[in-house]
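Asks: Please see the structure below; I have some questions.
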Amino acid sequence: MNNTIPHDVSSIMKILENNKYEIWLVGGCVRDMLMNKSCNDYDLTTNATPEIMQYLFHNHGYKTITTGSKHGTIGVFCDNKIVEITTYRTEQNYQSHRYPGSITYTSSLEEDLKRRDFTMNAIAWHPEKGFVDPFQGIEDIKNKQIRCVGNPHKRFEEDALRILRALRFHCTLHFSIEKKTKEALRKSVSLLTYISKERIRNEFNKMLMGELCNTLNMLKENYVLPYILPGYESLYDHTQPTPWHCYDIFTHTDIALNHTIGYPLESKLAIVFHDLGKIECETIDKQGIAHYKHHALISEQKAKQYMQDLKYDKKTIQKVCTLIRYHDTYITLDKSCLRKFLSYFDNDFKLAKEVLDIQLADNYAKNMEKVQEKINIIENGKIILDTMQKEHDYISLKDLKISGKDLKSLGFQGKQIKEVLNILYNYVLENPKYNTKENLLSYIKNSIL
């Protein structure tokens, strides 16, 4: 067990203990210690009231946050972090399947632990007194099992967010969900309508970053995916009758997501949404083969709507939409093609390679007999891009050795100027050596005028 406690946390505990109050570490930090994981957030519980805590910490020079004091919680600033301390309490009269309507302070640590969600989070620990574990949470951690404290139906009915938290811990800790807890979870999924979009988004993000194999199918099997992404179930069992594919759209997407280990969140979201537009644009030719022309653009539009509904920030939405827009724009190993590809991203090499990573994940979920060559091209393309970046073998539109003013003197006007500049830019992308004023003027005279 990793039982190293930061000095400031120990100091906070001693202040209360020196004044004859109990104080215990509790919740996620204890769970992480038992799993020998590093811990950044420390939560404490005590029999001192918020008023007493504020008085004691103020006298010892600590700054406190009291916005949660009506619920029994205060935050204490220490070492540029906030440590939350909550008075032992019981909770009653839950409102909207989310928040307790009333709380009552108690002198019993065990009563406080009884109100918590899962046994692994209902363990208290003190560096001298050891563990208080009334619900066998330590045993559940050893068995890698997620189990509700007490009656699981009651726990989920009190706070429906616990449904998503259980699944999130399943994804991030790779623990199984105990049978009765899973049964209650599945029967309670309709309560997710009471959970805010922001909360759903946050839990979904953490699930994706947990990198559990077949995450989407897990959400489907537990009946929660329609509450996270309403309408996504239209992808279930929708076959793709094309030689390139061997899975239905949903299974393809889930397998592609399996190939995003180590990817940033935006890339994982891009994979989740990358084929949303396929059903809408699907056509079947005379040979019975499906085609999905422009599906990337339609998928981008649908992804944007999903992310707006889930209250993602504009920067994230923009990044995910860019990744989707170009996920079907393939490269060759010719440098002129790679320069053109880079130009889509204003020569942002990192973004260009992230798009190629999306393409890799996408192709690893296809018929490998058909796509192996394409995968090799993408992987080699990333290597060539690294070389081009080091050698500054790329060019921007602003680098053209001819200006709009020059074009105006040649008789071009309005939109024509922009169109000609783009033609010239594509010309020099083939070979940056073409980028001289004399050469560009010659190209205009011979190929445009």
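The values are calculated or read from the model by the stated rules, or taken from the named source; none is laboratory data. Small disclaimer: the values here were computed from a predicted structure and weren't measured. All Cβ positions, glycine included, derive from the backbone under ideal geometry; neighbour counts span all protein chains shown. Side chains included, ligands, DNA and RNA excluded: accessible areas come from the protein's heavy atoms. Shrake-Rupley method; radii C 1.70, N 1.55, O 1.52, S 1.80 Å.
Asks: How many angstrom lie between the Cα centre of region 312-332 and the Cα centre of region 345-389?
Replies: Value for the Cα centre distance between the two parts: 14 Å.
Asks: Measuring from label point to label point, each 7 Å out along Cα→Cβ, what is the LEU397 to ILE52 span in nm?
Replies: Modelled inter-label distance: 6.8 nm.
Asks: Restrict the search to region 48-142; then list the trypsin sites (Lys or Arg not before Pro) that DSSP places in a loop and that have at most 14 other Cβ atoms within 10 Å of their Cβ. Please list the in-between numbers first.
Replies: Values: sites: LYS63, LYS70, LYS81, ARG89, ARG98, LYS114, ARG115, ARG116, LYS129, LYS142; in loops: LYS63, ARG98, ARG115, ARG116, LYS129.
Sites meeting the loop and neighbour criteria: LYS63, LYS129.
Asks: Under the 0.36 nm per residue contour assumption, what length would be gained going from the current alpha-carbon distance of LYS142 and ASN202 to full extension?
Replies: Full extension of this stretch gives 18.9 nm more.
Asks: Between PHE156, PHE250, PHE412, where does the largest GNM mean-square fluctuation fall for the chain, given springs only between Cα atoms within less than 10 Å?
Replies: With Cα springs under 10 Å in the chain, the top fluctuation among PHE156, PHE250, PHE412 is at PHE412.
Asks: Considering only LEU356, GLN413, TYR344, whose Cα is most displaced toward the positive end of the charge dipole of region 306-418, charges sitting on Cβ of Lys, Arg (+1) and Asp, Glu (-1)?
Replies: Working it through, the farthest residue towards the positive pole turns out to be GLN413.
Asks: Can you pull out the trypsin sites (Lys or Arg not before Pro) in region 262-363 whose DSSP state is coil and whose Cβ has at most 12 other Cβ atoms within 10 Å? The partial results should precede the final answer.
Replies: Details: sites: LYS268, LYS278, LYS286, LYS293, LYS302, LYS304, LYS311, LYS314, LYS315, LYS319, ARG325, LYS335, ARG339, LYS340, LYS350, LYS353; in loops: LYS286, LYS293, LYS311.
Loop-located and lightly packed - LYS286, LYS293.
Asks: To the nearest µm²/s, what D does Stokes-Einstein give for region 290-349 at 25 °C and 0.890 mPa s, using the Kirkwood radius over alpha carbon pairs as Rh?
Replies: Values: Rh = 12.9 Å.
Approximately 190 µm²/s, per Stokes-Einstein.
Asks: Report, in deg cm²/dmol and to the nearest 500, the calculated mean residue ellipticity at 222 nm for the chain, where each DSSP H run with n ≥ 4 adds -39500 (n - 2.57) and the sum is divided by the residue count. List each step's numbers first, then the result.
Replies: On the way: 22 runs with 221 residues, N = 449.
My calculation for the chain gives -14500 deg cm²/dmol from helical runs alone.
Asks: Between THR436 and GLU111, what is the label-to-label distance in nm when each label sits 7 Å out along the Cα-to-Cβ direction?
Replies: Once both label points are built, they end up 8.9 nm from each other.
Asks: Can you pull the percent of region 6-55's accessible area that's carbon plus sulfur, 1.4 Å probe, other chains left in place? Mind showing how you got there, number by number?
Replies: Numbers: 990 of 2250 Å².
Ligands and nucleic acids excluded, carbon and sulfur reach 44 percent.
Asks: Give me the lysines in straight-line cross-link reach of LYS179: C-alpha distance below 22 Å, same-chain residues under 8 apart excluded.
Replies: Within the straight-line limit of under 22 Å, LYS179 reaches these lysines: LYS114, LYS142, LYS144, LYS154, LYS187, LYS220.
Asks: Moving to a separate point now. Say we join alpha carbon atoms closer than 10 Å with springs in a Gaussian network model of the chain; which of LYS398, LYS179, LYS144 then has the biggest fluctuation?
Replies: Taking springs between Cα atoms under 10 Å, the residue moving most is LYS398.
Asks: Let me ask something additional. Based on the alpha-carbon gyration tensor of region 138-222 and its eigenvalue square roots a ≥ b ≥ c, which shape applies: rounded if a/c is under 1.5, prolate if not and a/b is larger than b/c, or oblate? Walk me through the numbers before you get to the answer.
Replies: On the way: a/c = 1.65, a/b = 1.04, b/c = 1.59.
In terms of gyration-tensor shape, oblate.
Asks: Tell me the Rg and the Dmax, in Å, that the Cα atoms of the chain produce.
Replies: Here Rg and the maximum Cα pair distance are 28.7, 92 Å.
Asks: Keeping every protein chain present and rolling a 1.4 Å probe, give me the accessible area per residue for the chain in Å². Can you show the working numbers first?
Replies: Working: 22250 Å² over 449 residues.
That works out to 50 Å² for each residue.
Asks: Let me check against my output: what whole-number percent is the relative contact order of the chain, with C-alpha pairs under 8 Å and at least 6 apart? Please report the intermediate quantities before stating the final value.
Replies: Numbers: 658 pairs, mean separation 36.9, N = 449.
Reported relative contact order: 8 percent.
Asks: Now, a different point. Evaluate the charge dipole of the chain about its Cα centre and quote only its size in Debye, nearest 20, assuming +1 on the Cβ of each Lys and Arg and -1 on the Cβ of each Asp and Glu.
Replies: Details: 61 positive and 57 negative charges, 192 e Å.
Using only the charged Cβ atoms, the result is roughly 920 debye.
Asks: Counting other Cβ atoms within 10 Å, which GluC sites (Glu not before Pro) in region 304-398 have at most 15 and lie in a DSSP loop? Please report the intermediate quantities before stating the final value.
Replies: Working: sites: GLU354, GLU369, GLU373, GLU379, GLU391; in loops: GLU391.
Those that pass, being in a loop and sparsely packed, are GLU391.
Asks: What FRET efficiency comes out for TYR236 versus ALA290 if R0 is 22 angstrom and r is the Cβ-Cβ distance? Round to the nearest 0.05.
Replies: Details: r = 17 Å, r/R0 = 0.77.
E(calc), rounded to 0.05, equals 0.85.
Asks: A further question on this structure: With springs connecting C-alpha atoms under 10 Å apart, model the chain as a Gaussian network and identify which of HIS291, HIS97, HIS58 has the largest mean-square fluctuation.
Replies: Between HIS291, HIS97, HIS58, it is HIS58 that shows the largest mean-square fluctuation.
Asks: Something else about it: Does region 229-305 come out rounded, prolate or oblate by the C-alpha gyration tensor, with a ≥ b ≥ c the root eigenvalues, rounded set by a/c under 1.5 and, if not, prolate when a/b is larger than b/c and oblate if not? Please list the in-between numbers first.
Replies: Working: a/c = 1.97, a/b = 1.50, b/c = 1.31.
The shape class here is prolate.
Asks: Still on this structure: Based on DSSP H assignment, which helices of the chain show an axial Cα extent of at least 18 Å together with a mean Kyte-Doolittle hydropathy greater than or equal to -0.5?
Replies: Working: long enough: 197-210 (20 Å, -1.16); 295-309 (21 Å, -1.12); 349-363 (21 Å, 0.08); 368-390 (34 Å, -0.45); 415-430 (24 Å, 0.06).
For the chain, where a helix must reach 18 Å along its axis and average at least -0.5, the hits are 349-363, 368-390, 415-430.
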